[in-house]
Amino acid sequence: MKHFKETLYDSLYQEFRIDKLYFESRTDHQHLMIFHNARLGRVMTLDGIVQTTEADEFIYHEMMSHVPLLAHGQVRHVLIIGGGDGAMLREVLHHPVAQVTQVEIDQAVIEMARQYLPNHSAGAYDDPRLQLIIADGMNFVRDTDDRFDVIICDSTDPIGPGEVLFSEDFYAQAKRCLAPGGILVTQNGVPFLQPDELNTTAQRMGPHFIDSSFYCAPVPTYYGGHMAFGWGTDNRTLRHVELPVLQARFEKSGLQTRYYNPAIHQAAFALPQYMLESLAGRD
Amino acid sequence: MGSGRRIMIGAAPDEADVWQALVAEHGTPLLVFDPAVLERQYHRLSNALPGVELHYAVKAHPNEHIVRTLDALGCGFDVASAGEMDLLMDLKISGRRTIHTHPIKKDREIRDALRFGATTFVVDNLDELAKLVPYRERIGILLRISFRSESATVDLSRKFGCAIGEVAGIVAAAGKLGLHIKGLSFHAGSQCEHAGQHVEAIARCRQLMVDIGKSTSVPLSTLDIGGGFPADYRLTGIDIDAWCGPLRKALADLPGDWHLLAEPGRYLVAPSVTSITTVTGKSERHGVTWYYLDDGIYGSYSGQIFDHTVYPLQILKTGETRRSILAGPTCDSIDIIAEDVQLPELGIGDLVIGHQMGAYTAATKTRFNSLPDARLVCRESPS
Ligand SMILES: Cc1ncc(COP(=O)(O)O)c(C=O)c1O
């Protein structure tokens, strides 16, 4: 195959030229590819859907890590569920956290990403603050006694291996694992083309948090406009942290970013009207 | 299919050598696949149906060599089960060119299809439509209509397909559920002698699609004309271009921006596979010579039962003929390939060749008597 044609939608699709195929595996009803595209750098796809590309992964990973960590302000212990490519870990470790627990279901994904997507983890897997656990994320949140200030659910799409990470039970168990004032953020698809996914998450997550909402960022290769991130916490103020406070935290952190900045952080919580209407129409 | 089985006695020496050499190398029972023949069939059908995207009905013969050959030609695929999708996935074929055409599905099957990358589904009733609601953001739906062909050997419109009168109601119901019906499909039957039923079905679908298009905001614009393209079991030289003539005419009446699909199985693969079986025993009973072969009705010749087809047979020897029976290897008395045929006397080890045996043959074989399967070997294409 010389082109990758995404199979997410029937009536439209994006197509990437495969300039060099680095890796392809087809195991357990799962089809994984890593290839090079002249414009996007290395691209990873799973079951016909783009997972991450070197060119635009920074938007996704910065927004899923820096937004909850800087909104919280005193994060010591972070849980990452999924995220086997290592880029979420890389971003989280830029913060002065005491410990990061990462729960990935498949050791092979980590090995494969370290070999073929080395810029994603950029050495993060060697950091002594990492506790890496190979386990099912759902089982982990059900069983663990640890408590986390931030939980980042870096899942695949709801049809496939990441299915349970979109269940109401998962949101309930994740909530149980949050320290007081902790925040859960989740990957929630592209609402312009996937409004059902937004509404379903709102319904399932809503009952478990005092404040549950979404924030957005456009990730070009998650075709279809803004991507939504789920946001759940019992501290209502965290969604409205003042700009000077964010600014001070950001400067103190010394983070080098390409998408995130405090103004973007604040603005990301403003949802486009079509999303608000979709959410309002759900009951 | 009627009676008319073709039996050919004798073979050109170089032809016989080819079969003998294959048997020397691989033994029997054997199925010999010739990719060049499949390529020829694909090109003939594509040329006879310009503008129609062909999707090979994998059920006709779910074999990796066949699928690979068609994939290399740019052919799409019609799958009806998770197992058929597994075959394509094992060959790393993208689901983008695949449609899922089974009208009745479990939820698991829908999810597997989406993970594989097939986003087109077929339904023929409201219950089935409801199953697709959770996936409505990702999929396109074809509504299957029942049209029976008088001339088809195999009727495919009894078990599946809604009545014409139900179409508007189902399309409206789908709209209310937020589901996108993008067009209609039908299956006129398999092994159709002529395209008369296809032509009529196309005209009816056109009318329905145009009428419904007027009253809804989402136009129906895909028409899937199914399969039914015949194989040449009597070796009379079917001219597929002529067979498709009326069909082309009917398709030319459709709006130019409609998407046209077909799901050919039989026409593509039937002539590309040849069966070779060996006489393993014989006996003289009531004035008839019985030959016992190492393949039969429970194996490669299962299509004589399930597909109502008789295949042209060839004996390599010539000589004075006598009343003979060709029987398969199982203990069952139904396992007879050909009754009361005139054949020259065969010896143990002689070969019986079955032609046009690519479609619905190995696909329906059984494990009865735990006999070994006929192996399929691929002839090298003379490139
Ligand atoms: C839905 C569907 N499509 C396509 C085919 C293939 O038909 P044919 O082999 O006649 O081309 C069949 C045959 O059973 C079928 O059921």
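The values are calculated or read from the model by the stated rules, or taken from the named source; none is laboratory data. On a predicted model such as this, the values are computed, not experimentally measured, just so you know. Note that each Cβ is placed from the backbone with ideal geometry, even for glycine, and that neighbours are counted across all protein chains shown. Just so you know, the surface numbers come from the protein's heavy atoms only, side chains and all, with ligands and any DNA or RNA stripped out. Shrake-Rupley method; radii C 1.70, N 1.55, O 1.52, S 1.80 Å.
Looking at segment B:337-372, which of its residues are within 16 Å of the ligand (Cβ to nearest atom) and farther than 16 Å from B:VAL32 by Cα?
B:THR364
Yes or no, residue by residue, for (1) open to solvent by 20 Å² or more (accessible area, probe 1.4 Å); (2) at pLDDT below 95:
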site	(1), (2)
B:LEU142	no, no
B:THR153	yes, yes
B:SER157	no, yes
B:ILE164	yes, yes
B:GLY175	yes, yes
B:SER185	no, no
B:GLY196	yes, yes
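When you check A:ILE18 against the structure, is it touching a residue at least 12 places away in the same chain (Cβ under 8 Å), within 14 Å of another protein chain (Cβ to nearest Cβ) and open to solvent by 20 Å² or more (accessible area, probe 1.4 Å), yes or no?
Against the criterion (touching a residue at least 12 places away in the same chain (Cβ under 8 Å), within 14 Å of another protein chain (Cβ to nearest Cβ) and open to solvent by 20 Å² or more (accessible area, probe 1.4 Å)), A:ILE18 qualifies.
Determine, yes or no, whether B:VAL210 is within 14 Å of the ligand (Cβ to nearest atom), in a helix (DSSP H, G or I) and out of contact with any Ser or Thr (no Cβ under 8 Å at 6 or more places or on another chain).
Judged against the criteria, B:VAL210 is not a match.
Checking B:ALA80 against (1) at pLDDT 95 or above; (2) within 12 Å of chain A (Cβ to nearest Cβ); (3) touching a Lys or Arg at 6+ places or on another chain (Cβ under 6 Å), which single condition isn't satisfied?
Result: B:ALA80 passes all but (2).
May I ask you to verify whether B:ASP124 is touching a Phe, Trp or Tyr at 6+ places or on another chain (Cβ under 6 Å), open to solvent by less than 40 Å² (accessible area, probe 1.4 Å) and either within 16 Å of the ligand (Cβ to nearest atom) or of a type in the set (Lys, Arg) (or both)?
Against the criterion (touching a Phe, Trp or Tyr at 6+ places or on another chain (Cβ under 6 Å), open to solvent by less than 40 Å² (accessible area, probe 1.4 Å) and either within 16 Å of the ligand (Cβ to nearest atom) or of a type in the set (Lys, Arg) (or both)), B:ASP124 qualifies.
Would a scan of segment B:225-233 turn up a residue that is away from chain A (no Cβ under 14 Å), more than 13 Å from the ligand (Cβ to nearest atom), surrounded by fewer than 21 Cβ atoms within 10 Å (Cβ to Cβ) and not small (Gly, Ala, Ser)?
yes
Between a residue in segment A:266-280 that is under 23 Å from A:LEU246 (Cβ atoms) and any residue that is charged (D, E, K, R), which pairs come within a Cβ distance under 7 Å, given they are 6 or more apart or on different chains?
Partner pairs satisfying both residue conditions: A:PHE269/A:ARG239.
Report, by residue number, each residue of segment A:33-53 that is open to solvent by less than 50 Å² (accessible area, probe 1.4 Å) and away from chain B (no Cβ under 11 Å).
Those that are open to solvent by less than 50 Å² (accessible area, probe 1.4 Å) and away from chain B (no Cβ under 11 Å): A:ILE34, A:PHE35, A:ASN37, A:LEU40, A:GLY41, A:VAL43, A:MET44, A:VAL50, A:GLN51, A:THR52, A:THR53.
Test each condition in (1) over 30 Å from B:VAL199 (Cα atoms); (2) in contact with a strand residue (DSSP E or B) (Cβ under 9 Å, 6 or more places away or on another chain) for B:LYS59 and report the one that comes out false.
Of the numbered conditions (1) over 30 Å from B:VAL199 (Cα atoms); (2) in contact with a strand residue (DSSP E or B) (Cβ under 9 Å, 6 or more places away or on another chain), the odd one out for B:LYS59 is (1).
I'd like to check something: does segment A:130-137 contain any residue that is closer than 20 Å to A:HIS31 by Cα and either touching a residue at least 24 places away in the same chain (Cβ under 8 Å) or outside the structural domain of A:PHE229 (by TED's automatic domain parsing) (or both)?
Yes - at least one qualifying residue is present in segment A:130-137.
Out of all the residues in segment A:55-81, which are outside any helix (DSSP H, G or I), within 15 Å of the chain's Cα centre (by Cα) and within 22 Å of A:TYR22 (Cα to Cα)?
Within segment A:55-81, just A:ASP56 meets the criteria.
Tell me which residues, restricted to segment B:256-314, are open to solvent by 20 Å² or more (accessible area, probe 1.4 Å), of a type in the set (Phe, Trp, Tyr) and more than 15 Å from the ligand (Cβ to nearest atom).
Listed by number, the residues that qualify are B:TRP258, B:TRP290, B:TYR292, B:TYR298.
Name the strands (runs of 3 or more DSSP E) wholly within segment B:96-202 that hold at least 3 residues that are within 13 Å of another protein chain (Cβ to nearest Cβ) and on the phi > 0 side of the Ramachandran plot?
Where strands (runs of 3 or more DSSP E) fall fully within segment B:96-202, none carries at least 3 residues being within 13 Å of another protein chain (Cβ to nearest Cβ) and on the phi > 0 side of the Ramachandran plot.
Of the numbered conditions (1) more than 13 Å from the ligand (Cβ to nearest atom); (2) open to solvent by 60 Å² or more (accessible area, probe 1.4 Å), B:PRO62 satisfies every one except a single condition; which is it?
All conditions are met except number (1).
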